[in-house]
Amino acid sequence: MSIVVQPYQPDMRDTLLAFHERSFPQRDMGTYERVWRWQYFDNPHEPAGARRIWVVTRQSKIIAHLGTMAARVKLNGETLCGRWSSDLMVDEGYRDGGLGVWLIREWLKSCELALAKGLSPEVTRVYERLGWHRVPLRPVAQLPLTLRCLTGRLTRNRPVNATAEGATRWARRAWTNLRHSRAAGLEFRTVEAFPQETDELMERVAGRSGMSILRDRCFLQWRYGDCPARRHVIETAWRDQLLRGFAVFSVRPERGFRRGIIHDLEIDAEDGDALHGLLVQSLKHMHDARADEVAVLPRTEAEQSVLASLGFVFRKPPHMMMHDVQYPGRNLAALTTNANVQLGDGDDW
């Protein structure tokens, strides 16, 4: 029977959702469709007519899928139209036949700079067969807030567990307060939406690196403020009415405890007080949200130093990001330092 690879068309919606339901039977498809539409169609950086999703069909049935998302990338002073890959999936009955490689090759034909992240071991092997390589990542920083995240269960006695959890939580908060003295002139605000000054901050941040993912206020609001899968909290730092940085974080249940994640952290150049203050303010919020642990992926030596002073420990990074460029002569060394990589799963790229 004929097997065809082609871009997604609107009349494939029901067939595509049926494919997702077969692949992830535990998902609620009503909720997932909202996430899928937000992820692939609501991105404000998507150019008109972009081929966002590629599928392989057999007798009008989708048997493989590759989603892609727009990314504007500054590389050595030049702006490229890049794309992230996401959700490379092949129907279980058609694996080991090269369909994943076929999908990736079709996507690359129309892509200047290609990036992939959040890869499972199976998907990683597909990309490696095509010659991709990983970007070296810095270690993940983790901070236990309660004993429960280390032991799972202390005893079978619930009152003892509650007492131990509360004692360690407030001991950690006292330590956090002790390590923080608010710098003069800094003001911290928790906001519902990214302020207008975000664009100026992001322009200043992008100018510091040979490579960066270009993001503006509109993109960040879509990415975090409009995300249907998770509520994100936005904390901002101000000095003399100038936005000096922001942090984005969330708290979610995971493996029996509540995990806090700092997804995004942007600081104006050389403002160590704003960096330290934003991290402390974020920790306080996650304390109040009853997080058992906090995780963040630092990108700079300054972030690593401040996190260490707050008691974070550093662990081996997840295998999350790979890159490729479609023509020779590009210097990709800067990709190792400032690629705006956040922790997360497939719904939180």
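Please treat every number below as a calculation from the coordinates, not as lab data. Note that this is a predicted model, so its numbers are computed, not measured. Positions of Cβ are backbone-derived with ideal geometry, glycine not excepted, and every protein chain shown enters the neighbour counts.
R204 versus A174, label points 7 Å from Cα toward the beta carbon: distance in nm?
3.8
Which Rg and Dmax, in Å, describe the Cα atoms of the range 1-120?
Values for the range 1-120 (Cα only, Rg and Dmax): 14.7, 48 Å.
Please list, or write none, the aspartates and glutamates whose alpha carbon is within less than 14 Å of the alpha carbon of K109, excluding same-chain residues fewer than 8 places away.
Within the straight-line limit of under 14 Å, K109 reaches these aspartates and glutamates: D324.
Expressed as a whole number of Å, what is the distance separating the alpha-carbon centroids of the range 216-237 and the range 57-91?
Centre-to-centre (Cα) distance: 22 Å.
Kirkwood hydrodynamic radius, the range 218-275, all distinct C-alpha pairs: what's the number in Å?
12.8
Given a Förster distance of 30 angstrom, what is the FRET efficiency for K109 paired with L17, based on the Cβ-Cβ distance and rounded to 0.05?
Using R0 = 30 Å, I get an efficiency of 0.70.
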